[in-house]
Amino acid sequence: MIDRATVERIKEASNIVDVVGEFVSLRKSGANYKGLCPFHNEKTPSFFVSPARGTCHCFGCGKGGTPVNFIMEHEQMTYPEALRWLARKYHIEIKEKELTDDERKEQSERESMFIVNEWAGNYFSDLLHNHVDGIAIGLQYFRSRGFRDDTIKKFQLGYDLPDRFALTSTALAKGYREEFLLKTGICYKNDRGELIDRYAGRVIFPWIGVSGKIVGFGGRVLDSRTKGVNQKYVNSPASEIFQKDHELYGIYQAKRAIVKEDLVYMVEGYTDVISMHQSGLENVVANSGTALSMHQVHILHRFTSNITLLYDGDEAGIHAAFRGMDMLLSVGMNVKVLLFADGDDPDSFARKHTAADFKSFIEQNQVDFIQFKVNLLVNNETDPYKRSEGINSIVSSIALIPNQILRDTYILDCAHRIGMKEETLIRTMNNFIRSNKDKSPQDEQQEINQEPPVHPEPVIQRPNPNQQASKVEQMLIQLIIRHGEKLIYEGIEDDDHQLINLSVAQYIDYSLHSDNLSFGNEMYNRILSEAVEHSQEKDFVAETYFIHHDDVEVSKLSNEMIIDRYGLILNEKPSAEMQYKDPEQLAEEEQEHLRNQTIHLMLDFRMVYVEQHLKDLMRQIAEAGQDPEQMKALMVEYKDMQQVRNALAKQRGSHIIG
């Protein structure tokens, strides 16, 4: 792990204009810089970089942040990976925390395996481009598949000699240990104890992980053995750094395009990925010969919520689509399917069409998962039993969707498409939800709420008061992040008659505790707590502290909070009237404005809480029925709460008659 001092050095050295400038063409705009956003397609620049704040922000898609946030988003890296990227850029030596012996051994072994894989990748690539057999056999094969030389290099494709001992002798001669040649699976031992090259005589497809490191290899035989053999392809065995169902082929080359397009295409094989990528559709990955796993689903969901499955139209492709879509739906992804017919697949189709044509073909022929199942299981089925099985399959897929509103929408859509009553489908779906062994308490509550009543009646909901106050909460937390350290009261008496000063954060904290209230969002409570804790420090500036916070989520939220729809990242010039005011008078006016803003927001927060409490009391009164004592107590409380509401209304400058 990177030690604290090194992290701070990296953050201090990182210049936001310098970092963003590596990926975006920037031009000066007043005190800031602007350019076309790297996270979405646009024609008019809406991506601004503020050197003063050390942040960037797109007013179109909302993405941006500190240099670390930017690299994490743009390069799809983890927090430590982004820090290491910046450390390399600014030539800062990474100092690790002291590790235990076991941790050091494990880390050393993993690093050694990555080093061996990197060497092997270079070895295979060198043979492909510089060895006579590599050029005549390997390179000729890739070119026969239509791959350009730049594409071959981009995917680090290679070739391995037929001699099963050539790689091993070369590796050992260069000092690479037999232990790691075996652990990575590049080699194995035969019955005589000889070290054998696993990929001899094959063209090589390296598996490159999200971070850019080679985690494994796939090798394909090239001669007549490919006909009818069970192992046309051989992949790296499972190891400490490679689990095939944890990886996606092409993810490293595709990750930026996936984020930019907010869409990923899922295909079946290596050549599908490479051909589509070469044709111009770069947001494509493959699970390559293994059933889609939840590990792969979660990787994809990091980059986008939209996926189109592009599979062969044979039985295997249909089965893969059926299995994959349910897993994708279960994490909330938007799934569409396109099956290729007439002997085509993504590889062959990409070689015959331009990117624009291919994209147009997908848009015109892809269908959502409901239509996909309706077409295959319902439309042409005359057997009532099989038709009902098909409908059950559709509803079971809808039942996996975690979002209740989305489930309701799909159920309504499904009812229209197949001509069935919505109530019947809802009951069926609820049965599937109940039978799900891993269902959450939240799902249980949702299925109860979804039961269609025989006699529909209005339902009085009980939302959390803190949830109702979310809008005001956001405005308060924005105030804390921007101005949390600024004093709004000076020299006032506390309960012990001591003179104290109160900052924005301290006033909000005091007001909430006085009424025994808190924010509904736990991150907001944490930010408030830290702002109060650091308010006593002489050089504390809330905005700087939270923007560059060690917790990436806090930093990301803070960067969003300092930007609003009116473009506050742009430094506005002071008006002529303000320029000629006495600095002391100006400071007093700013303090008064900030104080009034803070007080008003706190009154709004209390009012939302009180209004919700009144609604809650009304519900309880309606439910009290024939209990006169309970009814009386509730009416008294309701009247008291009305008085509190009216008092708050007067303080806010309005009057409510209850």
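The values are calculated or read from the model by the stated rules, or taken from the named source; none is laboratory data. Because the structure is a prediction, the values reported are computed rather than measured. Neighbour counts run over all protein chains shown; Cβ positions are idealised from the backbone, glycine included. The protein model used for the area step is the full one, side chains on, heavy atoms only, and it has no ligands, DNA or RNA in it. Shrake-Rupley method; radii C 1.70, N 1.55, O 1.52, S 1.80 Å.
Hey, can you grab everything whose amide H is under 5 Å from the amide H of N334? Only 5+ residues off in sequence or another chain; H modelled, so Pro and N-termini drop out.
N306, I307
Cα-based Rg of the chain per 2.2 N^0.38 Å, rounded to two decimals?
1.20
Among H483, I547, M420, pick out the residue whose Cα is farthest towards the positive end of the charge dipole of the chain, where Lys and Arg carry +1 and Asp and Glu carry -1 on C-beta, about the Cα centre.
Value computed over the given set: M420.
For E42 and S25 in one chain, what is 0.36 nm times their gap in residues minus the Cα-Cα distance, to one decimal in nm?
Extra length from E42 to S25 when fully extended: 4.8 nm.
Starting at the first residue of the stretch 359-371, write each ³J(HN,Hα) from the Karplus equation 6.51 cos²θ - 1.76 cosθ + 1.60 with θ = phi - 60°, in whole Hz, x for Gly and Pro.
For the stretch 359-371, the Karplus-derived couplings read 4, 5, 4, 5, 4, 7, 10, 6, 10, 6, 5, 5, 5 Hz, x marking Gly and Pro.
Could you pull out the longest piece of the chain with no exposed loop GluC sites (Glu not before Pro) in it, calling a site exposed if DSSP puts it outside H, G, I, E, B and it has at most 10 other Cβ atoms within 10 Å?
No qualifying site falls inside 99-536, the longest such stretch.
Can you list residues whose amide H is under 5 Å from R202's amide H, if they're 5+ apart or on another chain and H is modeled 1.01 Å from N?
Placed amide hydrogens put D160 under 5 Å from R202.
Figure the gain on full extension for N365 and K189 (residue separation times 0.36 nm, minus the Cα-Cα span) and round it to one decimal in nm.
Taking N365 through K189 to full extension adds about 58.4 nm, to one decimal.
Would you pull out the residues with amide H under 5 Å of I488's amide H, same chain only if 5 or more places away, H placed 1.01 Å from N?
L502, S503, V504
With angles folded into 0 to 90 degrees, how steeply does helix 422-435 sit against the dominant principal axis of the chain? Use alpha carbons for both and round to 10.
So the inclination is approximately 70 degrees.
If you count only protein heavy atoms with a 1.4 Å probe, what accessible area per residue comes out for the chain, rounded to a whole Å²?
Value for the chain: 53 Å² per residue.
Pairs to check: K232/K255; K189/K232; K11/K255; K89/K538; K43/K373; K28/K63. Give those whose C-alpha atoms are more than 30 Å from each other in this structure.
Correct reply: K89/K538; K43/K373.
At 1.4 Å probe size, what's the solvent-accessible area of S144? Round to the nearest 10 Å².
80
Where does the stretch 153-298 land on Rg(C-alpha)/(2.2 N^0.38 Å)?
Against the compact-globule rule of thumb, the ratio is 1.11.
Using a 1.4 Å probe over the heavy atoms of the protein chains, calculate the carbon and sulfur portion of the accessible area of the chain as a whole percent.
Carbon with sulfur: 48 percent of the solvent-accessible area.
Using R₀ = 56 Å, calculate the FRET efficiency as 1/(1 + (r/R₀)^6) where r is the Cβ-Cβ separation of I500 and S112; round to 0.05.
The pair I500/S112 has a calculated efficiency of 0.40.
In whole angstrom, how far apart do the alpha carbon centroids of the stretch 115-183 and the stretch 209-223 sit?
When both Cα centres are located, 11 Å separates them.
Considering only protein heavy atoms, with the full assembly of protein chains and a 1.4 angstrom probe, order D18, D272 by accessible area, largest first.
Sorted by accessible area, descending: D18, D272.
Rounded to whole Hz and in sequence order, give me ³J(HN,Hα) for the stretch 205-222 from the Karplus expression 6.51 cos²θ - 1.76 cosθ + 1.60, θ = phi - 60°, writing x for Gly and Pro.
Taking θ as phi minus 60°, the curve returns 10, x, 8, 10, x, 4, 7, x, 8, 6, 9, x, 9, x, x, 10, 6, 10 Hz for the stretch 205-222.
Figure the gain on full extension for Q585 and I196 (residue separation times 0.36 nm, minus the Cα-Cα span) and round it to one decimal in nm.
Residue separation times 0.36 nm, minus the Cα-Cα distance, leaves 131.7 nm.
How would T66, T44 rank on accessible area, largest to smallest, probe 1.4 Å?
Most to least solvent-accessible, the answer reads T44, T66.
With every protein chain present, what accessible area does K352 have (1.4 Å probe, heavy atoms only), rounded to the nearest 10 Å²?
130
Projecting each Cα onto the charge dipole of the stretch 233-334 (Lys/Arg +1, Asp/Glu -1 at the beta carbon, about the Cα centre), which of Y249, I274, T304 comes out farthest on the positive side?
Toward the positive end, the furthest listed residue is T304.
Keeping all protein chains in the complex and leaving out DNA, RNA and ligands, what accessible area do you get for V267 with a 1.4 Å probe, in Å² to the nearest 10?
Here the accessible area works out near 0 Å².
On C-alpha positions alone, give me the angle between the axis of helix 470-483 and the longest principal axis of the chain, in degrees, nearest 10.
Roughly 90 degrees between the two axes.
Tell me the mean residue ellipticity at 222 nm calculated for the chain from its helices only (DSSP H runs of n ≥ 4, each -39500 (n - 2.57), averaged over every residue, nearest 500).
Computed mean residue ellipticity for the chain: -16000 deg cm²/dmol.
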